[in-house]
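Worksheet: the structure to be examined is printed underneath.
Coordinate-derived values only; no laboratory data. What you are looking at is a predicted structure, and each value in this text was computed from that prediction instead of being measured. Methodologically, a virtual Cβ is constructed for each residue, glycine included, from the backbone with ideal geometry; neighbour enumeration extends over all protein chains shown.
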Amino acid sequence: MAARTTESVNLYLPIAEMSVNIFLLLGMGAGVGMLSGIFGVGGGFLMTPLLIFLGIPPAVAVGTEANQIIASSVSGVFAHWRRGNVDFKMGSILLVGGIVGSTFGVFLFQYLRSLGHIDLVIMLSYVIFLGVIGSLMLTESIRAMQRRKRPGSLRKLHQHNFLHGLPFKMRFRRSKLYISALLPLMIGFIVGILSAIMGVGGGFVMVPAMIYLLGMPTAVVVGTSLYQIIFVTANATFLQATLNQTVDIVLALLLMIGAVIGAQFGTQVGAKLRGEQLRGLLALIVLSVCAKILYDLVVTPDDIYFLSHGSGGH
Amino acid sequence: MAQRLFTTLIFMTICIAPYLAAGPSRAQSVIADLSEHFVGITADFTGAKILFFGTVTGPGKLVVVISGPAKDITVGNKVQRVGIWINDENVTFKNTPSFYRVLSSEPLDEWLPLDTRETKQIGVEYLKLESTKAIGRAKAADYRAALVRNMQKKKYYGKAEGQLKLLGGGLFRADIFLPSNVPTGDYTIKTYLVSFGRVTHMEVTPLNINKTGIGAEIYRVAHQHGALYGVAAIIIAVLAGLGGNAIFRKS
């Protein structure tokens with residue numbers, strides 16, 4: 001046996017091929033899991049960059065993250081289901097759109113990669129989507145908080161526009177909506193494309209789309225979003241495992257243990273916050289991740305040369 | 001640890017004794033070995049230290065080159081366009097050692113002639129790196145330097161020669177440190193005896209580094225049965241979610 005400089009808190013990850021601190025990963029899982037419980041987002045947009053920052057190869061970070069999100073979403077969805085806050089009918093229609101969209105997205109991803117600059121496309125889509133969604137949510141939630149202070153001005157449940165003239169109308173009892181099924185189908189499709197390209201569950205796009213485009217009540221949005229994220233990320237995990245072998249089960253399990261615990265606390269915290277506070281807080285987190293990615297794109301790197309992913313040691 | 005070292009030293013002495021006795025009949029020779037020829041990467045692997053030892057007879061100085069399995073390594077480059085740093089040209093170097101270290105008892109610059117270093121590729125500056133496509137001389141030098149710099153940053157390449165300790169009576173020893181991200185595969189350790197600038201003897205010692213135990217099994221299943229692995233990963237995740245939920249529901 002080799003003389004080891006053993007520290008029992010470290011664990012060697014078989015797919016990522018590196019040694020990591022167990023407690024650091026459990027803590028990261030708990031932190032991001034809590035966010036997912038509060039806001040109904042998978043947290044992939046936060047965890048994936050964190051894992052890459054730790055030195056996990058980006059492909060492994062994306063593949064493993066999809067696997068971990070399944071666990072925190074399953075855990076979160078049951079907590080919301082018990083409160084009657086999951087619209088299964090709406091979730092299933094979003095899901096059908098999502099599966100079609102993400103399959104189309106995988107092909108789009110391959111096409112973009114053949115053109116080169118796929119990294120840039122990914123980063124720019126992060127900046128654009130996080131930036132736009134974050135700012136919209138922040139201004140809306142601030143306005144809602146101001147309205148709350150001035151009693152008497154009652155807000156309509158949602159605005160009526162041309163979208164409500166579409167055919168195939170359906171009643172969604174939990175969401176208190178009577179709208180065209182084409183609308184959630186379309187939203188699911190677009191979010192599916194994004195999640196394939198950006199390697200995330202898409203919750204941070206889906207949640208605001210459900211609130212602002214569909215007009216669903218915030219309380220139902222979170223559970224419904226988690227419900228459909230389970231299936232979108234299960235699909236992604238399977239594709240990543242078969243096509244790229246980039247799912248590290250050991251890494252995922254560590255993150256899951258932390259995330260499952262975090263998500264339970266998150267659900268309790270989320271239940272105590274008001275809708276506009278919830279949206280304002282998520283907006284701030286989304287905007288800070290956006291700012292960080294933009295900073296990395298603009299700031300001069302330490303070394304303009306780098307070892308390309310997938311080479312160098314592995 | 002101390003006991004292990006003691007046993008190793010006794011073992012070394014037994015192995016070496018006949019050669020010492022043979023003396024003049026084998027004018028110049030090197031015998032080298034490792035405390036182990038296989039390093040297994042298990043779940044608690046955080047790097048390893050192995051002992052390299054041997055004996056030398058005859059005049060000359062020693063230099064040891066440790067190389068990991070050869071791989072194609074790609075170096076990328078970023079350029080700034082409209083304020084944003086984007087990827088520019090990639091250059092791939094063929095059959096490049098994924099791990100590289102040099103050990104010597106004295107600084108190489110002081111005694112090892114440049115042509116020897118060049119022909120035997122001793123030192124990162126002297127590695128023969130061939131790019132897969134034709135690029136200009138200046139550009140090739142930039143990418144080459146970038147490869148070495150980045151490999152050193154990741155601890156795959158050594159920054160300076162490691163210390164080879166001479167114990168007297170022709171005995172030598174050195175500790176080889178393997179980082180936690182050490183590449184897996186077959187390594188070769190070449191020990192050169194150099195006398196008056198010429199290599200008079202070379203000894204090759206093999207070393208294999210690979211995953212063992214559960215980690216190796218997970219890696220094998222992931223690469224040979226991807227679909228099965230994917231389904232298992234999904235099931236584990238769903239169970240973890242359900243389990244966590246069941247625990248918290250009671251409290």
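Dipole orientation for chain A: of the candidates A:Leu51, A:Val20, A:Val74, A:Val74 has the Cα lying most toward the positive pole (charges on Cβ; Lys, Arg +1; Asp, Glu -1).
Summed over qualifying helices (DSSP H, 4 residues or more, each -39500 (n - 2.57)) and divided by its residue number, chain A shows a 222 nm mean residue ellipticity of -23500 deg cm²/dmol. Computed from phi, the 3J(HN,Hα) profile of the stretch B:41-53 under the Karplus parametrisation 6.51, -1.76, 1.60 (θ = phi - 60°) reads 8, 9, 4, 9, 5, 10, x, 8, 10, 10, 9, 10, 8 Hz, with x in place of Gly and Pro. Compute the acute angle (0 to 90°) between the alpha-carbon long axis of helix B:226-250 and the principal axis of greatest extent of the alpha-carbon atoms of chain B; round to the nearest 10°. Its long axis makes an angle of about 60 degrees. Relative to the longest principal axis of the Cα atoms of chain B, the long axis of helix B:2-22 lies at roughly 40 degrees. Between the Cα long axis of helix A:218-243 and the first principal axis of chain A there is an angle of about 30°, rounded to the nearest 10. Computed from point charges on the beta carbon alone (+1 for Lys and Arg, -1 for Asp and Glu), the dipole magnitude for the protein assembly as shown about its Cα centre is near 2440 Debye.
Near B:Thr200, the amide H atoms lying under 5 Å from its own belong to B:Leu193, B:Val194, B:Ser195; only residues 5 or more places off or on other chains count, and H is placed 1.01 Å from N. Placing +1 on each Lys and Arg Cβ and -1 on each Asp and Glu Cβ, with no other charges, gives chain A a dipole about its Cα centre of roughly 2080 debye. Highest mean first, the peptides B:69-77, B:130-138, A:214-222 sorted by other C-beta atoms within 10 Å per residue fall in the order A:214-222, B:69-77, B:130-138. In this structure, the pairs whose alpha-carbon distance is over 28 Å, taken from A:Lys149/A:Lys169; B:Lys71/B:Lys153; B:Lys94/B:Lys154; B:Lys165/B:Lys211; A:Lys176/A:Lys292, are A:Lys149/A:Lys169; B:Lys165/B:Lys211; A:Lys176/A:Lys292.
Of the GluC sites (Glu not before Pro) in the stretch B:151-251, not one is in a loop by DSSP (not H, G, I, E or B) with at most 14 other beta carbons within 10 Å.
Let me confirm one metric for peptide A:277-290, namely the mean number of other chain beta-carbon atoms within 10 Å of its residues' beta-carbons.
Numbers: counts 0, 0, 0, 0, 0, 0, 0, 0, 0, 0, 0, 0, 0, 0.
If you average over the peptide's residues, the count of other-chain Cβ atoms is 0.
Counting only Cβ charges, +1 for Lys and Arg and -1 for Asp and Glu, the dipole size of chain B around its Cα centre is about 600 debye. Candidates B:Val194, B:Ala134, A:Ser175 compared by Cα position along the dipole of the protein assembly as shown: farthest toward the positive end lies A:Ser175, with charges placed on Cβ. Counting, for every residue in A:237-246, the Cβ atoms of other protein chains within 10 Å of its Cβ and taking the mean gives 5.
Within a 10 angstrom radius of each residue's Cβ in A:68-76, how many Cβ atoms of other chains show up on average? Whole number is fine. Present the calculation step by step, with values, prior to reporting the outcome.
On the way: counts 3, 2, 8, 11, 4, 3, 9, 11, 3.
That average works out to 6.
Among the chymotrypsin sites (Phe, Trp or Tyr not before Pro) within the stretch B:154-225, those in coil by DSSP and having at most 11 neighbouring Cβ atoms inside 10 Å are B:Phe196.
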